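Worksheet: one structure, shown below.
Here, each number is a calculation from the coordinates, and none is a lab measurement. Computed from a predicted structure; not experimentally measured. Cβ placement follows ideal geometry from the backbone for every residue including glycine, while neighbour counts extend to all protein chains displayed.
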Amino acid sequence: MTLTKAQTANLVSLIRTTEQDDLNCDGCFDQVAIFAENTITGRDVEDAFAAVATHLRQCECCRDEFNALLSGIRELQAATETRDDQRV
């Protein structure tokens with residue numbers, strides 16, 4: 001398998017920023033729901049969940065899952081607000 005220059009540069013960048021105690025995908029998965037809820041409510045997640053934030057920047061698969069979760073939460077919120085508005 002041959003990597004493009006961009007892929008090689010990305011790989012080198014990820015290796016350089018990897019720390020010994022970085023969160024793996026399983027660890028990220030364990031915390032991503034709380035991270036998403038805090039993101040939706042506007043709380044500062046970068047400091048409180050630094051390891052999750054770092055992992056999501058580096059891992060496309062987990063980032064995709066996180067974005068899907070955010071979309072789902074937002075859709076549920078919108079549906080709930082619509083239902084509540086119809087009751088009034």
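Points worth noting:
- With a Förster radius of 25 Å applied to the C-beta separation of GLN31 and THR80, the computed FRET efficiency comes to 0.55.
- Helix content alone sets the calculated 222 nm mean residue ellipticity of the chain: runs of n ≥ 4 DSSP H residues at -39500 (n - 2.57) each, divided across all residues, give -25500 deg cm²/dmol.
- Remark: spin-label model distance LYS5-CYS61 equals 3.0 nm, labels positioned 7 Å along the Cα→Cβ axis.
- Size descriptor, Kirkwood hydrodynamic radius, that averages inverse alpha-carbon separations across the chain, Å: 15.0 Å
- A straight chain from ALA68 to ASP22 at 0.36 nm per residue would run longer than the Cα-Cα distance by 14.3 nm.
- Two tests apply to each whole DSSP H helix in the chain, Cα reach of 24 Å or more along its axis and mean Kyte-Doolittle hydropathy of at least 0.5, and none passes both.
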